[in-house]
Amino acid sequence: MRLPIGKVPPSMLDEAVFRYLGAERNDVLFGPSKGEDAALVRVGRNLLALHCDPISGAYGRIGWIAVNVATNDIATRGVAPRWIISCILLPEGSEQTLLESICCDMGMAAERIGVAIVGGHSEVTPGLSHPVVVIFPVGVARGQRYALSRNTQPGNKIILTKSIAIEGTAILAHDREKAVRKKFGEEFVNRAKAYFDDLSVLTEALTAFRAGGVRGMHDPTEGGLAGGLNEMCDAAGAGFRVYEDRIPLRSETMELCELFKVDSLKLISSGSLLVTAEAQRAENIVKKVTEAGVSATVIGEVLPEPKDRLIVRRTGVEEKLPMPFSDELWQALKLKVD
């Protein structure tokens, strides 16, 4: 089967990826798994959270995006990222100014969230059409406490922070700026580009985890909210029901999705955080996150039947919300808009 553009579909991981994991080691507490964001390994008395993530679908602010998106996956463990290593791959003919711009963005993003860049690699790579940045973040679990998506249980409430398609909105405003400015004007472009400032979920992830009652956390990246919900419930062996009228959708996102003819529920959503929580403690988590300066909303609940992946539309009609085959961003970046 030919692979789609973007992240490999979860259905292919068991056969093509998870069968080839090298040596078994007793210091690996938690390795690769669908719907989970970071590995956990023991080093002496410490428990480290490890991850890696590439940014391959964006042109502008790629260094900033890469640092925030990768460190988010450490934060979903309830762990603060401490260090990152980077790998920067540039197209042939790239100028030094491009490398410096990427590194400057990486440095600003890392400083903002308190992370040190401790090493990496940079090169010009044949065959690339645009830069690719891969980030490897590491964090230390405090008191060896952590969150796992697989701990999600039926009856848990589903909380979403901020709004959906944050990253997708920012990328489209930046990388399709000419078309967006022509349609909506300069002020709209600036507002949508400012979504880049919302890409980190570190504040809400750590706040929610410390509030107590969190069962799992996951950041909905490729595939958007629909992808994130399905991945999280794949890990837990559960289903979900969410309500469309409870899902926050900002006006800039809605306008851009209409312009580029894409579904906001399936558009890359780094900057949002999905939290599953014990029902009786969900509202307190929302309260604590809100007090920390981040909006949060209960958008649904976890169901016992794994086949039930449902959304209740604003009309009251209940529909399936399956795993997207590919993120809507790829379609939007290719679409010609007058």
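Observations
- When GLU177, GLU187, GLU204 are screened for being in contact with a strand residue (DSSP E or B) (Cβ under 9 Å, 6 or more places away or on another chain) and in the same structural domain as GLU301 (by TED's automatic domain parsing), only GLU204 passes.
- Any hit, the range 195-206, residues being crowded, with 24+ Cβ neighbours inside 10 Å, in a helix (DSSP H, G or I), among the charged types (D, E, K, R) and in contact (Cβ under 8 Å) with a residue 24 or more places away in the chain: yes
- For the range 12-26, taking the residues that are exposed (fewer than 10 other Cβ atoms within 10 Å of the Cβ) and among the acidic types (Asp, Glu), the one that is nearest to ARG145 (Cα to Cα) is identified as GLU24.
- Of the residues making up the range 281-319, those that are basic (Lys, Arg) and closer than 26 Å to VAL214 by Cα are ARG281, LYS287, LYS288, LYS307, ARG309.
- Candidates GLY271, GLY228 - the one that is assigned by TED's automatic domain parsing to the domain that holds LYS157, under 17 Å from the mean Cα position of the chain (by Cα), without any contact (Cβ under 8 Å) to a residue 60 or more places away in the chain and under 29 Å from GLY57 (Cβ atoms): GLY228
- Filter result for ALA116 (closer than 28 Å to TRP83 by Cα and modelled with pLDDT of 95 or more): yes
- Residue satisfying all of: in the range 118-138; touching a Ser or Thr at 6+ places or on another chain (Cβ under 8 Å), part of a strand (DSSP E or B) and in contact (Cβ under 8 Å) with a residue 40 or more places away in the chain; surrounded by the most Cβ atoms within 10 Å (Cβ to Cβ) among these: ILE135
- Selection status of ASP53, of a type in the set (Asp, Glu), touching a His at 6+ places or on another chain (Cβ under 8 Å) and crowded, with 16+ Cβ neighbours inside 10 Å: no
The values are calculated or read from the model by the stated rules, or taken from the named source; none is laboratory data. Keep in mind that this is a model prediction, so the values were computed, not measured. Please note: Cβ atoms are built from the backbone with ideal geometry, for glycine as well, and neighbour counts cover all protein chains shown.
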